[in-house]
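Asker: Got a structure here, written out as structure tokens. Questions coming.
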Amino acid sequence: MHIEQIRADRAGLEEYARIPMLVWVDQVLRPEMPQNGLGGIRFVQEAVARPYWKDLGAYDNPLQLPGRFDLSNWALFLARDGGRAVGGAMVAARTPNVHMLEERDDLAVLWDLRVDSAYWGRGIGSMLFAEAANWSRQQGLLEMKIESQNNNVRAAHFYAKKGAVLGAINTRAYRGEPDIGKEIQLIWYLDLAALPQAGT
């Protein structure tokens, strides 16, 4: 297994898009907000009555990105097994019209991170996350921003374990969207300056 950085061009995106981006939803993080939120917010992890697969790849097609954005300041990483891409991560920075970048030139966004479910549990996600964070720091950026949802409990625990801090909770981010209208958006921020230096 090895990870390499490739160009965020049509060929690279085509290979990237072939990697499944599935989430097994068997639990959710349900927010409890005493006093309508004035008493704080606490997440309760609870089981889903009918577990299901959610295909995150259905909501954002990487092949459409070149028509939407200038990808000059994007990085694309692939994890390969025997020459086949089984995992990937994409990072965006310093790109006009990317809402998630908040018009900041010191912020990166982990656009997505995907690992073929047949390769879960092998540390591929951790390796890709580290590559994305290290690249972002090498660009002189201060933070990496990450979006997840309350029905992707594994991702929430993963990002928290990696040192990202939950910076925003939006209970209405997807309101009106088919199938995902009731999901809650979780926004994480990773302090890149706090990461251990390479080789230490």
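The values are calculated or read from the model by the stated rules, or taken from the named source; none is laboratory data. Since the model is a prediction, treat every value here as computed from it, not as a measurement. Cβ atoms come from the backbone with ideal geometry, glycine included; neighbour counts cover every protein chain shown. The area values use the complete protein model at the heavy-atom level, side chains included, leaving out ligands, DNA and RNA. Shrake-Rupley method; radii C 1.70, N 1.55, O 1.52, S 1.80 Å.
Asker: Please compute the alpha carbon radius of gyration of segment 1-156, then divide it by the globular-protein estimate 2.2 N^0.38 Å. Two decimals is fine.
Answerer: So segment 1-156 has a normalised radius of gyration of 1.13.
Asker: Explain nothing, just compute: Karplus ³J(HN,Hα) = 6.51 cos²θ - 1.76 cosθ + 1.60, θ = phi - 60°, for every residue of segment 46-54 in order, whole Hz, x for Gly and Pro.
Answerer: 9, 6, 8, 4, 10, x, 7, 8, 10
Asker: Where the only charges are on Cβ atoms (+1 Lys, Arg; -1 Asp, Glu), what is the dipole of segment 37-158 about its Cα centre, to the nearest 20 debye?
Answerer: With only Lys, Arg, Asp and Glu charged at Cβ, the dipole is about 360 debye.
Asker: Here is a follow-up. Would you be so kind as to identify which of A49, Y16, I3 lies farthest towards the positive end of the dipole of segment 1-157, taking Lys and Arg as +1 and Asp and Glu as -1 on Cβ and the Cα centre as origin?
Answerer: Going by the Cα projections, it comes out as A49.
Asker: Using 7 Å Cα-to-Cβ label points, what is the Q5/R42 separation (nm, one decimal)?
Answerer: According to this spin-label approximation, the distance is 4.4 nm.
Asker: In addition: Of the heavy-atom accessible surface of segment 126-200 (probe 1.4 angstrom), what whole percent is carbon and sulfur? Please report the intermediate quantities before stating the final value.
Answerer: Numbers: 2020 of 4050 Å².
Exposed carbon and sulfur together represent 50 percent of the surface.
Asker: Over segment 87-200, what is the relative contact order in percent, taking alpha-carbon pairs closer than 8 angstrom and at least six residues apart?
Answerer: RCO, segment 87-200: 23 percent.
Asker: Taking only protein heavy atoms and a 1.4 Å probe, what accessible area per residue, in Å², does the chain have with all protein chains in place?
Answerer: Ligands and nucleic acids excluded, the result is 55 Å² per residue.
Asker: Along the charge dipole of the chain, pointing to its positive end and built from +1/-1 on Cβ of Lys, Arg, Asp and Glu, which listed residue (W135, N170, L29) has its Cα farthest out?
Answerer: L29
Asker: Using +1 on the beta carbon of Lys and Arg, -1 on that of Asp and Glu, and nothing else charged, what's the dipole of segment 1-81 about the Cα centre, debye to 20?
Answerer: Here the size comes out at about 160 debye.
Asker: I've got another one for you. What is the chain's relative contact order, in percent, from Cα pairs under 8 angstrom and six or more apart in sequence?
Answerer: It comes to 19 percent, rounded to a whole number.
Asker: If you don't mind, there's one more thing I want to ask. Please tell me the relative contact order of segment 135-200 in percent, rounded to the nearest whole number, where contacts are Cα pairs under 8 Å and at least six residues apart. Can you show the working numbers first?
Answerer: Working: 96 pairs, mean separation 26.9, N = 66.
Here the relative contact order equals 41 percent.
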